2 protein chains.
Amino acid sequence: MPRKPAEQTVQPDAILKAAATVFYRRGYHGATMADIAAEVNLTAGSLYHHFPSKEDLLCAVLDRGLAQITRDVRAVVDGGAPSADKLRAIAHIHVLSEIEHSNIAAAVIFEGRALLDVPGVRDQYVRQRDTLEALYRRVVEDGIAAGDFRPLDVGIFVKALFGALNWVSLWYREGGRLTGAQIAAEIAATFLAALQPPPAEGGDFPPC
Amino acid sequence: MPRKPAEQTVQPDAILKAAATVFYRRGYHGATMADIAAEVNLTAGSLYHHFPSKEDLLCAVLDRGLAQITRDVRAVVDGGAPSADKLRAIAHIHVLSEIEHSNIAAAVIFEGRALLDVPGVRDQYVRQRDTLEALYRRVVEDGIAAGDFRPLDVGIFVKALFGALNWVSLWYREGGRLTGAQIAAEIAATFLAALQPPPAEGGDFPPC
DNA sequence: TGGTTAATCAAATGTACATTTGATTATACG
DNA sequence: CGTATAATCAAATGTACATTTGATTAACCA
């Protein structure tokens, strides 16, 4: 049974990256199959040998993007570092995912809305996104429980952090004033400052 | 010269509001003229008596949305309140604009990208957006200069604040746990906490 | 009352896709 | 070598719009 074909074959991986880039650049409805195909030197029709439809392509991009960032973030959250370090690491992963990994994460962030019409798919997407958000929330809650962070409305705090991090993909330009790592560090510092507990009263050492 | 026609006439204002809502809901490319028309009980063709094209409609929405929020924010920034109060007021305006004023602001925020192809229009949009961002920046810079806020990277801080505020339109649901005003207050509190200067050393009163 | 015009509609028109179809090429394996 | 198959392409096909067109309606004003 003859099988493997050409060397000039395009990897499905490359198609996903191309699709992510184009979805991010033009939005789901604005992106054409020809745009995506051109990105990997194919014609529009050829894409259908790899994915059954444009919608499936978006689903695959979202699925893979969310899985990737969730995996990386989970590794940090499950580790034993102090909460502040975890938050810094998460910001780093999040920002770098947006600006480096072929914009897959960026497509995830902004094109999820295009799925609002397809209930089955949408639920899957929402579930994955909530999973990711829950990881962020856990870091903050653990930090509060440990006394490293001041108590606050964790729900809003995490949404704000998400927003700040996601927004990076809208304004980041390669070769700008700061690198992705520096941006992540600065954002993490901002949110960590907001989490700083008030100076301890009645601690081990009397204040005066 | 006979003029004014029917009572059943649709105001251009109503069309802009409808367009903003639909653009926000479906994205620029995903929105159809029929969708927008239906929102004000018209047929697609009738919209062309009020706006020359779909693109003009988007421009008008963006222009008006940005002008509105900029006007409101400018009034606060030009006022004499303490910087912290200004920041709280701005957050309030920003969030309420997103979730109340017919989603015009929300459309502004997320559909600006659809204009990336139309250079003339795009520049106008970018200029207006930068104007708004400059107002936010001024509040933070003034606060730092006055010693109310700790010094930090104002560029990143403002982008983070923008992101956190803009993100609200993606997750806010009417009848949720918090009102828009409460959300704005919580976000403002978070960012103000991040701006808090370290306890003064060598102040008027000696520390012990 | 009637002419002028704004506002609307229903029905074209044209185009830009997503998707299909029917070759064509090139590989791997026997 | 030869044949089955993966991967591709160029050229249909069909549809979903944006926009146009040609009435129709109803107000205003003289």
### Query
What angle, in degrees between 0 and 90 and rounded to the nearest 10, separates the Cα long axis of helix B:12-26 from the longest principal axis of the Cα atoms of chain B?
70 degrees
### Query
What is the Cα centroid distance between region B:127-144 and region A:59-118, reported in whole angstrom?
30 Å
### Query
Pairing the Cα long axis of helix B:119-145 with the longest principal axis of chain B, what angle in degrees results, from 0 to 90 and rounded to the nearest 10?
20 degrees
### Query
What's the Cα-based Rg to Rh of region A:17-63, Rh via Kirkwood?
0.91
### Message
Can you tally the net charge around residue A:130? Count Lys and Arg as +1, Asp and Glu as -1, for every other residue whose Cβ sits under 13 Å from the Cβ of residue A:130.
### Response
+4
### Task
Output the relative contact order of chain A, whole-number percent, from Cα pairs under 8 angstrom with separation of 6+ residues.
23 percent
## Note on the structure
Total charge of the residues flanking residue A:190 in space, meaning their Cβ is under 12 Å from its Cβ, with Lys and Arg +1 and Asp and Glu -1, is +1
### Query
Could the peptides A:188-194, B:179-185 be put in order, highest first, of the mean number of other beta-carbon atoms found within 10 Å of their residues?
A:188-194, B:179-185
### Summary
Quarter of the surface of the C-alpha convex hull for region A:95-145, i.e. direction-averaged projected area in nm², equals 4.3 nm²
### Message
I need the semi-axes of the equivalent ellipsoid of the protein assembly as shown: take the C-alpha gyration tensor, multiply each eigenvalue by 5, square-root it, list largest first in whole angstrom.
### Response
39, 32, 18
#### Entry: Nitroxide proxy distance, nm - points 7 Å out along Cα→Cβ at residue A:196 and residue A:46
5.6 nm
### Summary
Computed over chain A: longest principal axis from alpha-carbon atoms vs helix A:83-99 long axis, angle to nearest 10 degrees, is 20 degrees
## Note on the structure
With Rg from the Cα atoms and Rh as the Kirkwood inverse mean 1/r over Cα pairs, region B:54-195 has an Rg/Rh of 0.98
## Note on the structure
Mean per-residue count of partner chain Cβ within 10 Å for A:165-174 equals 4
### Message
For residue A:174, place a label point 7 Å from Cα along the Cα-to-Cβ direction in every copy; what are the distances to the other copies, in nm, shortest first?
### Response
4.5
### Message
What does the structure give for A:29-36 when I average, per residue, the other chain Cβ atoms found within 10 Å of the residue Cβ?
### Response
2
### Query
When the helices in the protein assembly as shown are scored as -39500 (n - 2.57) per DSSP H run of 4 or longer and the sum is shared across all residues, what 222 nm value do you end up with, to the nearest 500 deg cm²/dmol?
-21500 deg cm²/dmol
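Bear in mind these aren't lab numbers, they're just calculated from the coordinates by the rules spelled out. The shown structure was predicted, so the numbers you read here are calculated from the model rather than taken from an experiment. Quick reminder, even Gly has a Cβ in these numbers, built from the backbone with ideal geometry, and neighbours come from all protein chains shown.
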